[in-house]
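Report on one structure; see the data block that follows.
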Amino acid sequence: MARNHGKRRNTHARHGHPHEAGRRHDRRPQDSGSADTWVWGIHAVEAALANPDRRLTELLATENAAARLPPGSLKPRLVTAKEIDERLPPGAVHQGLALNAEPLEPAALEDLIDTGIDRIAVLDQVSDPHNLGAIYRSAAAFGFGALVLQTRNAPPITGIVAKSAAGAVETVKEARVVNISRALDQLGEAGYHTVGLAGEGAADIARAVSGAAKLAIVLGAEGPGLRPGVAKACAELARIPIRPEMESLNVSNAAAIAFYEAARAAFPGG
């Protein structure tokens, strides 16, 4: 039986604004930008540079990293690795690249539905930014076009999430909702089969996702899992079979397995 939980602590983060694809490079003072506006690491930075919805402010790069940037990128300011370290949270693995950019604007749930995204993940108070980033990455890998998070009790999207997501925050849409249970009701009314992952689920995850033209997989918080009201709002609860000596899976691992099963069910020959 599997629940889907992780064990890291929450950090900070923020998600914000599109438009003016403009690769604007405004020279700012050396201390410009808070830690929450930086994206770092090769994959995360290159994906942000390629995203027309990102409003860019400043790109810092070591000489070696600058040489690897694709043609047409925002012109970097050449700095040392130590100078980049000073602008980022402690321990940030930046690989010689850091980009200051305005956060992306979350979408409305109605817009996700109206644009025809047929695979959505709903996160019920998943709080660890590394787990969130890993879930973004798996969502992109297995065709889940959007994540739905609560406006409270969920981390915003900072560089920590973006680095863990390896660029997926630029391609997987995000919506923030006040009430997860009401969001599930809305998705159900729009034709989505809402499947919550829980150790007590009666169905195997592979069976639960099979045959759903539109699907929303619901994942609970690290530790407690789905809240009772959220579990009740799901059309079905499903489990990931694991060996009895293991109590649960990390939520990001559980998400990857569930997304894979959904992709396999949608494209059995793929």
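Every condition in (1) assigned to a strand (DSSP E or B); (2) free of Cβ contacts under 8 Å to residues at least 24 places away in the same chain holds for ARG243 except the one numbered (1). Beta carbons closer than 9 Å, at least 6 apart along the sequence or on distinct chains, never pair a first residue in the range 190-203 that is without any contact (Cβ under 8 Å) to a residue 40 or more places away in the chain with a second that is among the hydroxyl-bearing types (Ser, Thr, Tyr) and surrounded by fewer than 23 Cβ atoms within 10 Å (Cβ to Cβ).
Suppose we keep only residues that are touching a helix residue (DSSP H, G or I) at 6+ places or on another chain (Cβ under 7 Å) and crowded, with 19+ Cβ neighbours inside 10 Å within the range 221-249. Which one would you say is modelled with the lowest pLDDT? Residue satisfying both the conditions and the ranking: GLU222.
Close contacts from the range 208-225, counting a first residue that is in a loop (DSSP other than H, G, I, E, B) and a second that is hydroxyl-bearing (Ser, Thr, Tyr), with Cβ to Cβ under 7 Å and a gap of 6+ residues or different chains, come to LYS214/TYR192; GLU222/SER127.
Against the conditions (1) at pLDDT 95 or above; (2) under 23 Å from ALA98 (Cβ atoms), THR194 satisfies every one except (2).
When the range 164-206 is filtered for residues that are of a type in the set (Val, Ile, Thr) and touching an Asp or Glu at 6+ places or on another chain (Cβ under 7 Å), the ones remaining, listed by number, are ILE180, VAL195, ILE205. On inspection, PRO228 passes the criterion of being out of contact with any Pro (no Cβ under 8 Å at 6 or more places or on another chain), under 23 Å from LEU132 (Cα atoms) and without any contact (Cβ under 8 Å) to a residue 12 or more places away in the chain. Restricting the range 122-161 to residues that are closer than 19 Å to ALA101 by Cβ and β-branched (Val, Ile, Thr), the residue that is surrounded by the fewest Cβ atoms within 10 Å (Cβ to Cβ) is THR158.
For SER164, indicate whether it is buried (at least 22 other Cβ atoms within 10 Å of the Cβ), under 18 Å from LEU123 (Cα atoms), in contact with a Phe, Trp or Tyr (Cβ under 9 Å, 6 or more places away or on another chain) and polar (S, T, N, Q). Criteria met by SER164. Listed by position, the strands (runs of 3 or more DSSP E) contained in the range 32-145 that have at least 2 residues being touching a residue at least 12 places away in the same chain (Cβ under 8 Å) and under 16 Å from the mean Cα position of the chain (by Cα) are 38-40, 119-124.
The values are calculated or read from the model by the stated rules, or taken from the named source; none is laboratory data. Treat the numbers as computed from the prediction; the structure is a model and nothing was measured. Cβ coordinates were reconstructed from backbone atoms using ideal geometry, including for glycine residues, and neighbour counts include every protein chain displayed.
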